[in-house]
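Asks: Quick one: structure below, then a few questions.
The values are calculated or read from the model by the stated rules, or taken from the named source; none is laboratory data. Just so it is clear, the structure is predicted and the values come from calculations on it, not from any experiment. Cβ: placed from backbone, ideal geometry, glycine included. Neighbour counts: every protein chain shown. Areas reflect the complete protein model, heavy atoms only, side chains present, ligands, DNA and RNA absent. Shrake-Rupley method; radii C 1.70, N 1.55, O 1.52, S 1.80 Å.
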Amino acid sequence: MKNIRKTPIFLIFIFLFSSCVKYVDFEQIEDLTVEPVFTSSLVYFTLDQVTFFDRINSVEVITPISKTSKFLSLNSSFVKNNLIKLELEFEISNQFDRDFTINVEFLDDNNTRTHRFNTFNVDANNLNYAQKEVINIINNQLFLSSTKIRVSVQLSPSNNGAVINPNVVKNLVFKTAGTFFLKL
Amino acid sequence: MNFRKLFIILGLFICTVSYSQNKQILYGFAEMPNTLMLNPGAETNFKYHAGIPFLSGLSLNIGSSEATISDLFLADNSSFTLKFKNLIGKLTERDFLDLNTKVEILNAGYRLNEKMYLSFGLYQEIDFIGYYPDDIVSSLFYGNGTNVDKTIYFSQLKFRGDVIGVIHAGLSYKVNKKLNIGGRFKIYSGSLYMSSKNNSGTFSTIKGDNNIYKSYLSNININFNTSGLLDDNNRINVGVKDVIGNTFLSKNIGVGFDLGFTYHYTPQVEFTGSILDVGFISYSKNVKNLSLVGNHQFDGVEVQFDGNNTDYWSPINKDYLAELDSEFKANIPREITTNSFISWRPIKFNGAVRYSFGRARTNKECYDETYKEYYNNSVGFQLYAITRPLSTQIAATMFFEKSIGEKFSAKFTYTANDYSMSNIGVGVSTQIGIFQMYGMVDNVFKLSDLTEAKSASLQFGFNLIFD
């Protein structure tokens with residue numbers, strides 16, 4: 001009689017500890033590819049008419065004026081291993097009655113050019129100039145050595161001899177944003 | 001930490017099968033000594049009992065409200081990344097992972113007199129609940145670039161976990177033929193604690209004015225409380241040996257109580273109820289609290305072309321990135337304190353009504369004043385609730401219990417809860433001489449394939465009972 005009583009619970013225990021599972025493979029987690037895309041604003045600046053006028057000599061500055069600044073450090077192992085592509089957006093608002101040409105270049109520590117975009121030709125009074133540039137980073141060793149970005153802005157000479165008036169407020173607004181395509 | 005590891009941890013987090021603390025099968029089952037832990041006012045009918053050390057009560061509960069292991073890890077040759085994307089697409093911030101295990105190291109009881117039964121012991125408990133921080137995971141996985149206007153809510157960050165030791169003593173007291181009440185006093189000792197709750201703040205990237213986009217962290221208030229988790233360098237450093245070894249010796253002490261009753265409305269109709277773990281632990285040892293509070297806005301770096309022509313070619317004299325970093329730290333300072341804090345235990349409620357029928361037996365021992373008769377069948381309804389960070393979780397159970405002879409009982413339950421509406425559980429208990437054992441398992445229909453189960457719960461134990 002005692003043996004009969006014992007039976008059900010032992011069956012249950014056997015049932016409990018012998019349940020089967022489908023074939024699962026936890027190694028699959030190694031195959032996970034995470035490809036986030038992050039967007040952030042980068043540099044911006046505003047130049048007014050005064051910037052392009054030499055008050056002492058009362059002449060326009062028609063040589064390019066430029067600014068070199070440190071760029072995101074691309075030489076880290078994280079960037080080398082994970083940054084696939086960089087997309088740069090440029091938005092330029094030109095209130096001047098004159099055209100501009102703008103050059104964006106990347107430089108390494110020795111100021112040697114590592115990458116450049118085609119010149120942006122911004123027409124007079126174009127308030128909505130937009131340009132998108134894509135740089136493929138992966139295996140682009142030259143670009144990865146960039147440490148600085150140089151933006152040169154050049155006022156184009158007028159067709160009719162008109163000269164800008166530094167007392168009138170007119171701006172050239174330059175905006176950039178970067179979208180970083182990562183693969184982790 | 002590299003990002004891949006982070007996602008692996010997140011992956012494991014959401015697919016570990018999780019558990020609830022509901023012990024619906026054990027509750028009120030067969031007058032076993034272990035039911036006293038769920039209702040200190042439960043009736044007992046033995047002279048004394050002793051649990052087999054470490055084996056008198058073992059329970060493991062894991063449950064996740066949405067994910068199952070097979071969702072992710074089934075070896076089906078389909079893309080793991082795609083499966084992962086599908087899963088995080090399904091999960092929302094209301095989904096959670098819940099884990100609870102309890103090991104009774106010592107559990108014993110002794111009848112003081114006809115009316116009073118004293119029980120006492122120690123157990124160790126590991127408890128964790130974490131909600132799925134949908135916005136944060138999605139923004140790390142997809143980035144903000146794909147959906148620039150989306151707002152990320154840090155209030156979704158919510159978890160709580162601890163490892164504690166509990167020393168307890170309780171008394172079950174027979175007031176009269178109809179009513180039995182009981183209480184249990186508990187001393188808690190916490191060896192590991194971590195929680196983050198009541199967080200606020202958002203992150204968004206929108207079209208900007210100064211620049212193309214403006215990203216901002218607004219009203220950030222994020223807190224973490226930990227004890228025994230971080231080392232002197234504020235790195236996570238948990239030695240399993242230390243945590244388990246310190247369970248009963250920690251200086252993080254707390255107190256709490258359980259209350260319960262059993263009321264026989266008629267010999268066949270019985271009401272029971274209990275409230276468990278009303279108490280707190282004061283954490284003061286190895287405490288590290290981290291807080292981030294502030295606002296920060298970023299729309300890029302304004303480059304100054306100086307008014308003076310000669311300066312345009314000036315050397316780079318500014319490290320913008322370092323400046324941005326220090327600006328961020330100034331706006332959203334990170335503060336680490338070692339202030340002690342109080343953690344309330346998750347309170348649990350149980351309530352049940354039971355109707356007994358079938359063949360009645362006479363009382364089986366001399367301690368009972370025979371208002372109660374023993375029937376070989378009973379049916380009933382149970383309710384269970386536990387306070388949790390987001391909301392109280394509730395489970396409703398219907399049960400049928402059957403005794404075969406005096407020594408063998410079985411209980412079948414149907415439970416509806418946050419995880420599923422189709423949870424069938426089975427428990428059996430048997431006594432052979434003085435040796436009593438029980439085993440219970442939840443979600444039996446999923447047992448044939450645990451990887452498909454969203455929750456699983458397992459309890460078993462061995463006692464020595466002296467009638």
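Asks: Is region B:174-303 rounded, prolate or oblate when judged by the Cα gyration tensor, a ≥ b ≥ c being the square roots of its eigenvalues, rounded requiring a/c under 1.5 and prolate requiring a/b larger than b/c?
Replies: It is oblate, given that a/c is not under 1.5 and a/b is not larger than b/c.
Asks: Per q in 0.15, 0.17, 0.21 Å⁻¹, report the Debye log10 I(q)/I(0) for region B:96-245, using one uniform scatterer on each alpha carbon and no solvent.
Replies: Listed by q, the Debye log ratios stand at -0.92, -1.04, -1.24.
Asks: From the C-alpha coordinates alone, can you work out the Kirkwood hydrodynamic radius of region B:240-279, in Å?
Replies: 13.4
Asks: Kindly identify region B:109-191 as rounded, prolate or oblate by the Cα gyration tensor criterion: order the square roots of the eigenvalues as a ≥ b ≥ c, call it rounded if a/c is under 1.5, otherwise compare a/b with b/c, prolate if a/b is larger, else oblate.
Replies: prolate
Asks: What's the FRET efficiency of A:Ser58 with B:Lys150 using the Cβ-Cβ distance as r and R₀ = 41 Å, to the nearest 0.05?
Replies: Efficiency for this residue pair is about 0.20.
Asks: Reported to two decimal places, what Rg/Rh ratio describes region A:55-98 when computed on Cα atoms with Rh from the Kirkwood expression?
Replies: Taking Rg over the Kirkwood Rh, I get 1.21.
Asks: When only alpha-carbon atoms count, how far does region A:68-184 stretch along each of its three principal axes, as whole angstroms with the largest first?
Replies: That gives 53, 28, 21 Å along the principal axes, largest extent first.
Asks: Turning to a different aspect of this structure: Would you list B:Met421, B:Met194, B:Met398, B:Met437 from the most to the least accessible area, probe 1.4 Å?
Replies: B:Met421, B:Met398, B:Met194, B:Met437
Asks: May I pose another question? Need one number: nm distance between label points at B:Thr337 and B:Val293, each 7 Å from Cα along Cα→Cβ, rounded to one decimal.
Replies: Simple spin-label model gives 0.8 nm for this pair.
Asks: Still on this structure: Assuming R0 = 45 Å, what is the FRET efficiency of B:Leu179 and B:Leu60, from their Cβ-Cβ distance, to the nearest 0.05?
Replies: 0.85
Asks: Within region A:42-86, which residues have the backbone N less than 17 Å from the label spot 7 Å out from B:Glu302 along Cα→beta-carbon, could you tell me?
Replies: Answer for region A:42-86: A:42-51.
Asks: Let me ask another. Please give the length that would be gained between B:Phe357 and B:Lys285 if that part of the chain were fully extended, namely 0.36 nm times their separation in residues minus their C-alpha to C-alpha distance (nm, one decimal).
Replies: Separation in residues times 0.36 nm, less the Cα-Cα distance, equals 20.5 nm.
Asks: Dimensions of region B:76-119 along principal axes (Cα, Å, largest first)?
Replies: Over region B:76-119, Cα extents along the principal axes are 65, 25, 14 Å.
Asks: Now, a different point. Which whole-number percent of Cα pairs in region A:83-130 have a distance greater than 12 Å?
Replies: The share of Cα pairs beyond 12 Å in region A:83-130 comes to 70 percent.
Asks: Separate question: Keeping all protein chains in the complex and leaving out DNA, RNA and ligands, what accessible area do you get for B:Phe257 with a 1.4 Å probe, in Å² to the nearest 10?
Replies: 80
Asks: How much accessible area is lost when chains B and A come together, counting both sides, with a 1.4 Å probe, in Å² rounded to the nearest 100?
Replies: By this definition, chains B and A bury close to 5800 Å².
Asks: Roughly how many Å² of A:Leu83 are accessible to a 1.4 Å probe, to the nearest 10?
Replies: Result for A:Leu83: roughly 10 Å² accessible.
Asks: I need two numbers for region A:134-184: Rg to one decimal and Dmax as a whole number, Cα atoms only, in Å.
Replies: 18.7, 56
Asks: Given a Förster radius of 30 Å and the C-beta distance between A:Thr119 and B:Leu324 as r, what FRET efficiency does 1/(1 + (r/R0)^6) yield to the nearest 0.05?
Replies: Approximately 0.55, to the nearest 0.05.
Asks: Quick check on my link table: of B:Lys83/B:Lys207; B:Lys102/B:Lys241; A:Lys183/B:Lys85; B:Lys47/B:Lys177; B:Lys177/B:Lys402; B:Lys214/B:Lys329, which ones sit more than 21 Å apart, alpha carbon to alpha carbon?
Replies: B:Lys83/B:Lys207; B:Lys177/B:Lys402
Asks: Ordering B:Lys150, B:Lys23, B:Lys329 from largest to smallest accessible area (1.4 angstrom probe), what's the sequence?
Replies: B:Lys329, B:Lys150, B:Lys23
Asks: Let me ask something else about it. Just to make sure I understand: if all protein chains stay in place, what is the order of B:Tyr265, B:Tyr188 by accessible area at 1.4 Å, largest first?
Replies: From most accessible down to least: B:Tyr265, B:Tyr188.
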